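Derivation of every value follows stated rules applied to the coordinates shown; laboratory data play no part. Remember, predicted model here, so these are calculated numbers, not experimental data. Neighbour counts are summed over all protein chains in view; Cβ atoms, including those assigned to glycine, are modelled from backbone coordinates with ideal geometry.
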Amino acid sequence: AVIDSRGLGQHGVFAYDPGFLSTASCASSITYIDGDKGLLYYRGYPIEQLAQHSDFLEVAYLLINGELPTAEQKAQFVSTVKEHTMLHDLMSNFYRGFRRDAHPMAVMVGVVGAMSAFYRDSSDAFDPAQRDIAAFRLLAKVPTIAAWSYKYNIGQPFMYPQNRFSYAENFLYMMFATPCEEYQPNPVLARALERIFILHADHEQNASSSTVRVAGSSGANPFACIAAGIASLWGPLHGGANEATLNMLEQIGDEKRIGEFIERAKDKTDSFRLMGFGHRVYKNMDPRAAIMRETCHEVLNELGLNDDPLFKLALKLEKIALEDDYFVKKKLYPNVDFYSGIVMRAMGIPNSMFTAIFALARTAGWTAQWMEMIASPEHKIARPRQLYVGPARRDYVPIDKRV
Ligand code: ACO
């Protein structure tokens, strides 16, 4: 031990790395990112190819199992997910305990965590067979939980999952259908949503995935671990950025005010940041943002909203920021959240659901990360060290002697 000036021993050798800027917390074979070149691969496959040719459940299979499925494996996987889309009927009681205006992410933290009480036959993290069932349940039920949190907000009846639909179509159905009329999801919108799910499915050791790994490292219940991931994702610096971006664009309101907000983002005495800009790992264009911008064009075109003022504002803001010295020098580019909010808003999805949809998609990555962590021969409980900077030893002072 090294004895410091306070007479305290600092034991052992360890790295002090706030925010884990240069600490690899694990070895993983799931997702590769080259932040300088702006590359993102899931299990070796470039995100652009997956976004173009694949669908979300196939990508979930890939993330969890390591390989793309054969036709037979895919059919089996999709059918098993569909077997699990319903929630235990008593789970609907949970919703009624929340205020009507509860944020969907608050509801999701609670209800996904509550799955641990309902599905106890898939709660043993150390049993591979139970892990598989937990994975299917998570992929299948989280969309239902998310859609119901919206239905609860707006006071409409919960819509039960329809397994004749694709994953994204079913989600649109549970969000927008009512018992009073026929609802047929728009295939262009469903495809765009599927792409949003694919782009958000995994992103290696970000805050929420690391949270899931740390929570799960003790062997904790998988549903509780995913609820912890949802809690971490909620923050405006992480998954909450898509909602914050749209709120910011609405606040800017007019192209004439872009300059004012850019100046605020550069001002170190102002806590304002350009939401949807910057990334811990990407020091180049986030490849997901480019796909999202393209998807934005497609969706707005389909809906006849080519002149959408927020989209125009976003394009202009991106252009101005990318020509600004501050953003160039700090390598701050748009991230995936910059355009995803505009796409979702055009689909009729309210701002408050954006992060819930991110959580739904990231459930695939969290599950894959959790399974890889717990099955690894190097698995250990996560137990970071600290650099103690508090007071040295001192004696207790009775309350009447304190000043
Ligand atoms: N606007 C203005 N300045 C910024 C921004 C921004 N969006 N992002 C970073 N900076 C500046 C910081 O002020 C800092 O400047 P300094 O060196 O003069 O102090 C420098 O760039 C580095 O920023 P850090 O916060 O140290 O970088 P970090 O890697 O810790 O943070 C983060 C990355 C959180 C994404 C940050 O860029 C940010 O807050 N962006 C806005 C929120 C956002 O879009 N989050 C979504 C991330 S993607 C996702 O979760 C899917």
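Can you work out the PRE-style zone for Lys331? Point 7 Å along Cα to Cβ, and I want the residues of the range 32-49 with backbone N under 18 Å. Those under the cut-off are 32-41.
For the range 1-124, what's the relative contact order in percent, using C-alpha pairs closer than 8 Å and at least 6 residues apart? Walk me through the intermediate numbers first.
Numbers: 61 pairs, mean separation 12.1, N = 124.
Reported as a whole number, the value is 10 percent.
Each listed q (0.09, 0.12, 0.13 Å⁻¹) maps to a log10 I(q)/I(0) for the chain from the Debye sum over equal C-alpha point scatterers, namely -0.58, -0.98, -1.13. The residue among Leu303, Ala368, Val336 whose Cα reaches farthest toward the positive pole of the charge dipole of the range 296-394, with charges on the beta-carbon of Lys, Arg, Asp and Glu, is Ala368. Binning all Cα-Cα separations of the range 64-196 at 10 Å, short to long from zero, yields these whole-percent fractions: 11, 38, 36, 13, 1. As an exercise, use a Förster radius of 22 Å and the Cβ-Cβ distance of Ala71 and Tyr160 to find the FRET efficiency, rounded to the nearest 0.05. The formula returns an efficiency of 0.20 here. Each Lys and Arg Cβ is given +1 and each Asp and Glu Cβ -1; about its Cα centre, the chain then shows a dipole of about 1360 debye.
Applying D = kT/(6 pi eta Rh) to the range 301-365, where Rh is the Kirkwood radius over alpha-carbon pairs, T corresponds to 20 °C and eta to 1.002 mPa s, the Stokes-Einstein value obtained is 158 µm²/s.
Within the range 7-99, report the chymotrypsin sites (Phe, Trp or Tyr not before Pro) that DSSP leaves as loop and that have at most 10 other Cβ atoms within 10 Å. Don't skip to the end; give the middle numbers.
On the way: sites: Phe14, Tyr16, Phe20, Tyr32, Tyr41, Tyr42, Phe56, Tyr61, Phe77, Phe94, Tyr95, Phe98; in loops: Phe14, Tyr16, Phe98.
Sparse-neighbourhood loop chymotrypsin sites (Phe, Trp or Tyr not before Pro): Tyr16.
What relative contact order, as a whole-number percentage, does the range 59-214 give when Cα pairs under 8 Å and 6 or more residues apart are counted?
Values: 125 pairs, mean separation 32.7, N = 156.
Relative contact order comes out at 21 percent.
The convex hull defined by the C-alpha atoms of the range 285-336 has an orientation-averaged projected area of 3.5 nm².
One decimal place: the segment Lys266-Arg96 gains 56.8 nm when fully extended, by the rule 0.36 nm per residue minus the C-alpha distance. Among the DSSP helices (H) of the chain, those spanning at least 30 angstrom by Cα along their long axis with an average Kyte-Doolittle hydropathy of -1.0 or more are 128-154, 354-375; this is a geometric and hydropathy rule only. Each of Ser149, Met353, Trp234 was scored by the projection of its Cα onto the charge dipole of the chain, and the greatest displacement toward the positive side belongs to Trp234; charges sit on the C-beta of Lys, Arg, Asp and Glu. Charging the Cβ of each Asp and Glu at -1 and of each Lys and Arg at +1, and nothing else, the dipole of the range 121-227 about its Cα centre rounds to 160 debye. With no solvent and one equal point scatterer per Cα, compute the Debye intensity ratio I(q)/I(0) for the range 327-403 at 0.24 Å⁻¹ and report its log10, rounded to two decimals. Debye output, listed in q order: -1.09.
Return the tail of the calculated pair distribution for the range 211-258, meaning the percent of Cα-Cα pairs more than 12 Å apart. When every Cα pair of the range 211-258 is considered, 67 percent fall beyond 12 Å.
Would you kindly calculate the translational diffusion coefficient of the range 1-141, applying Stokes-Einstein with the Kirkwood radius from alpha carbon pairs, for 20 °C and a viscosity of 1.002 mPa s, and quote it in µm² s⁻¹ without decimals? Could the numbers behind the result be given before it?
Working: Rh = 19.4 Å.
It comes out at roughly 111 µm²/s.
Counting only lysines at least 8 places from Lys151 when in the same chain, those with an alpha carbon closer than 19 Å to its own are Lys141. With the largest listed first and rounded to whole Å, the semi-axes of the equivalent ellipsoid of the range 157-304 from the Cα gyration tensor are 30, 26, 15.
If packing is taken as the mean number of other Cβ atoms within 10 Å per residue, what is the order of 125-134, 175-184, highest first?
On the way: 125-134: 16.1, 175-184: 13.1.
The most tightly packed comes first, giving 125-134, 175-184.
With a Förster radius of 25 Å, plug the Cβ-Cβ distance of Arg393 and Ala15 into 1/(1 + (r/R0)^6) and report the FRET value to the nearest 0.05. Step by step, r from the Cβ atoms, then E = 0.45. Spin-label pair Arg402-Glu302: with each label point 7 Å from Cα along the Cα-Cβ axis, the two points sit 6.1 nm from one another. Extending 7 Å from the Cα toward the beta-carbon at both Gln386 and Met86 defines two label points whose distance is 4.8 nm. Projection of the Cα convex hull of the range 260-403, averaged over all directions and equal to a quarter of that hull's surface, yields 16.4 nm².
Cα convex hull, the range 23-82: 94 Å³ per residue, rounded to a whole number.
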